[in-house]
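Some notes on the structure that comes next.
The values are calculated or read from the model by the stated rules, or taken from the named source; none is laboratory data. These numbers come from a predicted model, not from an experiment. Heads up, the Cβs are rebuilt from the backbone with ideal geometry, glycines too, and the neighbour counts pull from every protein chain shown. Each accessible area value is taken on the protein alone, full model and side chains, heavy atoms only, with ligands, DNA and RNA left out. Shrake-Rupley method; radii C 1.70, N 1.55, O 1.52, S 1.80 Å.
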Amino acid sequence: MNILVIGTGGREHALALAASKSPQVDTVFCAPGNPGMAQFGTLVDLKSSDIKGLADFAQNNGVDLIIVGPEDALAAGVADEFAKRSLAVFGPTKGAAQVESSKDFAKSLMKKYGIPTADYQTFHDAESAKAYVEEKGVPIVIKENGLKAGKGVTVCVDDVQEALDAIDIAFSIPGNSVIIEEYLEGFEFSLIALVNGDLVVPLECAQDHKAVFDGDKGPNTGGMGSYSPVRKITPELVNTAMETIMVPMAKALKAEGVPFTGFLYGGLMVTADGIKTIEFNARFGDPEAEVILPRLESDFVQALLDVMNGVKPELKWTSKTSHGVVLASTGYPASSTKGVEIRGLDDVNGDVYHMGTKLQDGKLVTNGGRVLMVVNLADTLEEAMKATYDDVAKIEKNDLFCRSDIGKKDLDGYGKK
Ligand code: AMP
Ligand code: GLY
């Protein structure tokens, strides 16, 4: 089989690597891919926004299955175009991808179908949004509508002004709207499922770290590191999340005439009041893919084909723990640098996923906010963390930084700091 993976980041690197390990796969085309993916795949110079170009490429190159990484391509209808041309695609249509691209759509569906989530209200002007915040006080959460690469959310724990400022920023964009949400307190985790209509197959859980600095301080990012499995998330909790959140959402999308095929991502919170939904995404998580997929021992491509055929796949996972730390360029998430040489990768023992790199005059350089993710697999989380941080120490950090506490929350819960 020939596989086409669409996208350019660490998630796509992990998806393409998992696909390349399938005994059924001859070639993994990566459009546009990255220098890390070039080590095992064939790069194709097409952007994820070039829907027609991608479909033409797939038709002309015997592509048997297309795996879509990024949400913007899905929201733009890449899967609709492939389906129109009878190309097999694992990714939702534009209609189904609204579960991520429109927070309003997702929240109103959750309300309609009784899927637990934070209480909320939608606002279309700054004045009434601010009046609501003044009335409710903190803690409170402000979310811009639409796709924001994980950065359109402001969690205001103790400063109302921060919420008011976030509203001003949101409404500086013409036509924008915001959702103002109840603050949920608890333990967060990501549950990603392979979905086709009402077939919903959970993968192993991971925990992301969204805030930029240690101790979950600072603004939200796309994600600064992750680990899998999450010991606090027991099989019973996963079952509850499946029964109350993931399966009901898949059924809701089907009932609304927009059945979902692809990776359905539940951003979930275990609260004192049960498991609640923070958000849904219409694609695999990043940096969750880089720690979940290396733990899959069975054939990833076969699993996708099974789900697309309405069959529950046999998934086999290693009991080992994977742990990964993101190296981001200075200034991220507000800004980022490009073109700075990355040094020190030769001595790294773990796997290096490329998130924002490129080759320039034969040298590997930074090319965006999140640059690399270093991942290690070991018998315990403690060992995997040590291995990853030992690797991270070898990488030159003139223009890169990382969090030093990825995974610590899980260790703390087990009394082993
Ligand atoms: P989102 O983009 O909706 O996943 O939000 C980004 C991050 O903000 C989440 O991963 C949470 O850590 C945090 N967050 C979002 N909504 C809430 C909420 N209602 N209560 C507490 N934290 C939240
Ligand atoms: N890791 C969070 C996300 O992919 O949205």
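Some notes on this structure:
- Residue in the stretch 292-300 that is more than 16 Å from ligand 1 (Cβ to nearest atom), closer than 25 Å to residue 83 by Cα and in contact (Cβ under 8 Å) with a residue 40 or more places away in the chain present: yes
- Members of the stretch 82-128 that are in a loop (DSSP other than H, G, I, E, B) and more than 22 Å from residue 156 (Cα to Cα): 85, 86, 87, 88, 91, 92, 93, 113, 114, 115
- Residue match in the stretch 228-251 (condition: in a strand (DSSP E or B) and open to solvent by less than 40 Å² (accessible area, probe 1.4 Å)): yes
- Elements of type strands (runs of 3 or more DSSP E) in the stretch 262-349, at least 3 residues being in contact with a His (Cβ under 9 Å, 6 or more places away or on another chain), open to solvent by 10 Å² or more (accessible area, probe 1.4 Å) and not polar (S, T, N, Q): none
- Scanning the stretch 10-32 for residues that are open to solvent by less than 10 Å² (accessible area, probe 1.4 Å) and either of a type in the set (Gly, Ala, Ser) or within 16 Å of ligand 1 (Cβ to nearest atom) (or both), we see that the one that is farthest from residue 362 (Cα to Cα) is 22.
- Across the stretch 368-396, the number of residues qualifying as farther than 21 Å from residue 219 by Cα and open to solvent by 40 Å² or more (accessible area, probe 1.4 Å) comes to 11.
- Within the stretch 210-227, tally of residues that are in a helix (DSSP H, G or I) and either in contact with a strand residue (DSSP E or B) (Cβ under 7 Å, 6 or more places away or on another chain) or basic (Lys, Arg) (or both): 0
- Evaluation of residue 45 against (1) in contact with a helix residue (DSSP H, G or I) (Cβ under 8 Å, 6 or more places away or on another chain); (2) farther than 19 Å from residue 284 by Cβ (one fails), failing number: (1)
- Pair list, Cβ < 6 Å and 6+ apart or interchain, from the stretch 387-404 residues that are on the phi > 0 side of the Ramachandran plot to residues that are aromatic (Phe, Trp, Tyr): none
- Only one of 131, 55 that is buried (at least 18 other Cβ atoms within 10 Å of the Cβ), among the aliphatic types (A, V, I, L, M) and not in a loop (DSSP other than H, G, I, E, B): 55
- Going through (1) crowded, with 20+ Cβ neighbours inside 10 Å; (2) closer than 26 Å to residue 356 by Cα; (3) away from ligand 2 (no atom under 16 Å from the Cβ) one by one, residue 196 falls short only on (2).
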